[in-house]
Structure formats: C-alpha cells, structure tokens
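The values are calculated or read from the model by the stated rules, or taken from the named source; none is laboratory data. Treat the numbers as computed from the prediction; the structure is a model and nothing was measured. For neighbour counting, all protein chains shown are included, and Cβ atoms are generated from backbone atoms with ideal geometry for every residue, glycine included.
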Amino acid sequence: MTALCACRIGPHLGELDDSGLSDLVTLALDVGGFGLYVALAVERERRRALTAAAGTVRNVQYWTDRWGRVAFYGEPIKGKQRLGIPAGHTLPIDVPVPVTPDPFADRVLGMKVLPTPTLEYFGKIAPDNDEERWKHFLPKELGVARWLESRGVSVLSVDTFKSPGRPTPDAIVKVDDLPPAEFKIMQPKSGSFSHLQCVENVELIALKCRRGIVDLRGTDASIVRAERAMVDAVVEHGVNLDELVFIVNGSHQQIVSVGWSRG
C-alpha cells in the first residue's frame, strides 16, 4: 500500500508547498514508507538546488525550515548571513510595511545631512576595532547596536560636533557605501507607546540622515501599532528617508523589526 501511495503522490510532489512536503516526510518516517520517503527526499533536494542556483534565497519556506529562523527572499545563502536583509538593503526587516511617501512633503536641505566622507574628514567615526568601535554610543544606544550585530549588521559609532547646527548621525553601517544611521530609543516611564512621539522621532531622524531605527522595546507597542505608526511616519517624512525600522517586542520573547525601505 505504501508503494502504491508513493506512485500516486510522486508525480504531484511539485504541487505541494514546503509545509506539506515536510508533513509527508514525517508521515513517511512514522509509517515506515521507505519508497515514499526517498521520493520526498529527492523532491526536497531538487527544491534546494533550485533555490541555491542563484546564490540567494528564492524558496523562502525551504530556507526558513533549513536555518531554523525566518529567511528572506534575496538574501545570500553562503557566507556571512545578514539576517533578514534583501540584496541592496542595509537594515533587517521582518515585517515590511508597504507605504508610499507623500511626494509633496517638506524636504530636508541636503546641506544639513552630513555625508560619510565629511564625517571621515573630521575624524568623527570611531576606529574599526573591538575596543573602540562603539565608544561614542550612549548606554541606551548600545542596545540597538547589539541587536543589529545579532542580525549580522556591524556599525561604527560617530562622535558629535560641538558646534551647533551640525546634526550628526549616531552610527555608520559597515556596508559598501558606509551609510549613516540614526538611533532613537523610546523608554517612557509609564511604558505606554505614543504614536505621535514615534512619528516625531522619525522626523528627527530625517533631519540627520536617510536611515534610522526607533527602538520601541521599552514600550508596550505591538506589531500592529508599530505598523500604523510606520505608515504615518513614512507618509509624512519618507521623502527624506531611504530605510526605517522599528524594533518591537513580539510574542514568545521574540524581537521583531517592522520596517520600510525605498528600494
């Protein structure tokens, strides 16, 4: 009966999603269906080969199962994993928010945003070594830096200018073009999340650079509330941003990033 089952199912394995395929593998092992198990194993390897052909994730569910964490379409399969970061992006995003910035929103004058070469020229970027790379971060900013590192993103801290009128980003992200990034941490005494304050923090980010992270772990913000705040923040200030991430406490002690990217 097992052989007949394998014959009937075999031609249709390609129609199963990865979850269904995994369920059948378990069933085959439980009932001792060796013929069916071989057919399923061949199909899994076929899918693995297809997803790995381009060197980046194509079959998200397969690699999620394989790695034991959420995989993201377009991320590299080999080499150091920058977790949850599609090709061409800088910051990790678990829950992408599809929203379009208001093209008529006020734009920040380019002269106010200090580019990386200027920060390098004035010696504001911390040395790239374990002892000094984070020396300019405030204690509360270290939590964001550690979270980024846990997701495969390395950053260097940036010293501030003493003269007024020169807004300085908090960090430089260690990717090819070394883009600046700004951190905002919400830790109200009440622990209550403020939608308005979150959007205002994004406005402050946009005055310094085009990438930012707002850490909401010190509030009772849910993923849904973070998504709503992201929509309003991007509509109002997205014209001056390229990437934006909110860090939120998820269920089962998971940390989730809600985000938007221009790319």
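Okay, here's what the table says:
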read-out: One residue from D128, D176 being part of a loop (DSSP other than H, G, I, E, B), under 26 Å from V256 (Cα atoms) and not aromatic (F, W, Y); value: D176
read-out: Pick from segment 144-192, criterion within 21 Å of L119 (Cβ to Cβ) and of a type in the set (K, R), ranking: modelled with the highest pLDDT; value: K184
read-out: Residue in segment 178-201 that is surrounded by 14 or more Cβ atoms within 10 Å (Cβ to Cβ), over 24 Å from N249 (Cβ atoms) and touching a Leu at 6+ places or on another chain (Cβ under 8 Å) present; value: yes
read-out: Lone qualifier among P98, P103 - being surrounded by fewer than 12 Cβ atoms within 10 Å (Cβ to Cβ), part of a loop (DSSP other than H, G, I, E, B), of a type outside the set (V, I, T) and within 23 Å of the chain's Cα centre (by Cα); value: P98
read-out: Residues that are within 19 Å of the chain's Cα centre (by Cα), under 20 Å from G238 (Cβ atoms) and not β-branched (V, I, T), drawn from segment 207-223; value: C209, R210, R211, G212, D215, L216, A221
read-out: Looking only at segment 202-216, and only at residues there that are surrounded by fewer than 19 Cβ atoms within 10 Å (Cβ to Cβ) and touching a residue at least 24 places away in the same chain (Cβ under 8 Å), the one that is nearest to H136 (Cα to Cα); value: L207
read-out: Any hit, segment 135-147, residues being part of a loop (DSSP other than H, G, I, E, B) and acidic (D, E); value: no
read-out: Matching residues, segment 228-250, being closer than 25 Å to L114 by Cβ and under 14 Å from the mean Cα position of the chain (by Cα); value: D242, E243, L244, V245, F246, I247
read-out: Candidates S251, S257, filtered to the one that is surrounded by fewer than 18 Cβ atoms within 10 Å (Cβ to Cβ), of a type outside the set (V, I, T) and farther than 20 Å from P103 by Cβ; value: S251
